[in-house]
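Trainee: Here it is, the structure in full.
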Amino acid sequence: KVLKRTLVVPDEKSDFEWTGMFDTYFDIWDLSSLNENYDIDWSTGLDGSLTDVKMQATGCLLSLPASQTLLEKGPSEWIKLDKKCPDAIHLNYNMFTCNQQHQYCGDKEAQMEAYNIYSHLKLSPSLLQYIPSKRPQFTGLGYDEMAIHSRRAGEGMYKWEICIDGTRKTCLSHMKVGSGNGNKFCDDRTLKGNCAIWADLNYQIKSRRFFKPNLKDYKFVLANDGTHDWDLDFKGQYIAANNSEWLRDFGARFQTEMESGKFSEQPLADVIGVSGYIKKERIVWGTVDALSATLLDLFSLVDSKYLLG
């Protein structure tokens, strides 16, 4: 379990780290559930009191190997480190990295605790309303049934040697090394099923002979990374999250506040920014656009009943 201590969130100092959780002006996250269930300190990491030099002198600034050990050994290692560092432990920004793609490091108990924490992360209502299945013009049309990631997981169709090899590689990359789950979840039968679903969807949409009258069977939400022109094969069959209206509303709110004199003459980033990254930025709109669009895509995928890809 998470030790009964305050969790100090480190400052976000680069584009790669920035999540917008500190910078509440942008109204990207709803962190109320997270704060209700865990004791989160959002200020200490920003005030400079936990400097790397100071933490390193106490032995409580973890190296990358030490961070990985902390995660891999689980709660027993946490308790030992807790006794060594009763005031603060600096994870050195390595907490969420692992050799496996998208796989949280740690034993089973540590992984479940991480998932519990993540389950409290929610988008703000102002952004969440733009998930496709929640848009009134798409309600009841089947877009909440299936979501597809842009990677062509079914490439090769029924040519199993093409489709299965690529899909197996992706499947295994999501399994923890040594867990033995690869044979359980990435076996030929499962992979053929994934390829067959894709082939059936693709063929029935393209073939009017087998195209069902119920068009809801073919609707899906797409998270597209731009590697394929989906309109070539599936025009009219999918929708994707769109943050344009959210950005326009945000821009209008900012303009109104600017004209009202709410902001002083100092650099705008210093006025609305909280994290180190935003405070040093002078053009933040592109970053806000990219983050909000990415989050809408991610939450759109998990919002559907079935995910293919």
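The values are calculated or read from the model by the stated rules, or taken from the named source; none is laboratory data. Remember, predicted model here, so these are calculated numbers, not experimental data. We place every Cβ from the backbone using ideal geometry, glycine too, and count neighbours over all the protein chains shown. Accessible surface is based on the protein model in full, side chains and every heavy atom, while ligands, DNA and RNA are left aside. Shrake-Rupley method; radii C 1.70, N 1.55, O 1.52, S 1.80 Å.
Trainee: Would region 74-83 turn up any residue that is part of a loop (DSSP other than H, G, I, E, B), open to solvent by 40 Å² or more (accessible area, probe 1.4 Å) and hydroxyl-bearing (S, T, Y)?
Mentor: At the first step, the residues of region 74-83 found to be part of a loop (DSSP other than H, G, I, E, B) are 74.
If we keep only those that are open to solvent by 40 Å² or more (accessible area, probe 1.4 Å) too, we end up with none.
Looking through region 74-83, none of the residues is part of a loop (DSSP other than H, G, I, E, B), open to solvent by 40 Å² or more (accessible area, probe 1.4 Å) and hydroxyl-bearing (S, T, Y).
Trainee: Given (1) modelled with pLDDT under 80; (2) open to solvent by less than 70 Å² (accessible area, probe 1.4 Å); (3) closer than 25 Å to S173 by Cα, identify the lone condition not met by A147.
Mentor: (1)
Trainee: Given the options V284, V271, name the one that is at pLDDT 75 or above, in contact with a helix residue (DSSP H, G or I) (Cβ under 8 Å, 6 or more places away or on another chain) and of a type in the set (A, V, I, L, M). First the steps, then the outcome.
Mentor: Values: V271 fails: in contact with a helix residue (DSSP H, G or I) (Cβ under 8 Å, 6 or more places away or on another chain).
Every option except V284 fails the conditions.
Trainee: Test G166 against the criterion of being modelled with pLDDT under 75, part of a loop (DSSP other than H, G, I, E, B) and surrounded by 17 or more Cβ atoms within 10 Å (Cβ to Cβ), and give yes or no. First the steps, then the outcome.
Mentor: Working: modelled with pLDDT under 75: yes; part of a loop (DSSP other than H, G, I, E, B): no; surrounded by 17 or more Cβ atoms within 10 Å (Cβ to Cβ): yes.
It is false that G166 is modelled with pLDDT under 75, part of a loop (DSSP other than H, G, I, E, B) and surrounded by 17 or more Cβ atoms within 10 Å (Cβ to Cβ).
Trainee: Cβ-Cβ below 9 Å, separation at least six or inter-chain, first residue in region 59-83 and of a type in the set (K, R), second open to solvent by less than 40 Å² (accessible area, probe 1.4 Å): which pairs?
Mentor: Here the result reads K73/G106; K73/A110, each pair linking region 59-83 to a residue that is open to solvent by less than 40 Å² (accessible area, probe 1.4 Å).
Trainee: Residues in region 140-151 that are in contact with a helix residue (DSSP H, G or I) (Cβ under 8 Å, 6 or more places away or on another chain), assigned to a loop (DSSP other than H, G, I, E, B) and not hydrophobic (A, V, I, L, M, F, W, C): how many?
Mentor: Pass one, region 140-151, residues in contact with a helix residue (DSSP H, G or I) (Cβ under 8 Å, 6 or more places away or on another chain): 141-145, 147, 149, 151.
Still in the list and also assigned to a loop (DSSP other than H, G, I, E, B): 141-145, 151.
Right, trim to not hydrophobic (A, V, I, L, M, F, W, C) and you get 142-145, 151.
Selection size over region 140-151: 5.
Trainee: Among the residues of region 1-20 satisfying the criterion of being in contact (Cβ under 8 Å) with a residue 60 or more places away in the chain and of a type outside the set (D, E, K, R), which is nearest to L298 (Cα to Cα)?
Mentor: The first filter runs over region 1-20 and keeps only residues in contact (Cβ under 8 Å) with a residue 60 or more places away in the chain, leaving 1-3, 5, 8, 10-15, 17-20.
Now drop any that are not of a type outside the set (D, E, K, R), which leaves 2-3, 8, 10, 14, 18-20.
On the way: V2: 26, L3: 30, V8: 26, P10: 24, S14: 21, W18: 16, T19: 14, G20: 15 Å.
Among those that are in contact (Cβ under 8 Å) with a residue 60 or more places away in the chain and of a type outside the set (D, E, K, R), it is T19.
Trainee: Give all pairs with beta carbons closer than 7 Å in which a residue from region 45-56 that is touching a residue at least 24 places away in the same chain (Cβ under 8 Å) and assigned to a loop (DSSP other than H, G, I, E, B) meets a residue that is open to solvent by 50 Å² or more (accessible area, probe 1.4 Å) and aliphatic (A, V, I, L, M); count only pairs at least 6 apart in sequence or on separate chains.
Mentor: Correct list of pairs: L50/V8.
Trainee: Out of region 21-60, which residues are of a type in the set (A, V, I, L, M), farther than 28 Å from V288 by Cβ and surrounded by 12 or more Cβ atoms within 10 Å (Cβ to Cβ)? Steps first, please.
Mentor: Of region 21-60, the ones of a type in the set (A, V, I, L, M) are 21, 28, 31, 34, 40, 46, 50, 53, 55, 57.
Add one more test, that the residue is farther than 28 Å from V288 by Cβ, and what stays is 53, 55, 57.
Of everything in region 21-60, just one residue is of a type in the set (A, V, I, L, M), farther than 28 Å from V288 by Cβ and surrounded by 12 or more Cβ atoms within 10 Å (Cβ to Cβ), namely M55.
Trainee: Being open to solvent by less than 60 Å² (accessible area, probe 1.4 Å), at pLDDT below 85 and not in a helix (DSSP H, G or I) is the filter here; which residues of region 223-252 pass it?
Mentor: Pass one, region 223-252, residues open to solvent by less than 60 Å² (accessible area, probe 1.4 Å): 223, 228, 230, 233-234, 236-241, 243-244, 246-247, 250-252.
Filter again for at pLDDT below 85, leaving 223, 228, 230, 233-234, 236-238.
Scanning region 223-252 gives A223, H228, W230, G236, Q237, Y238.
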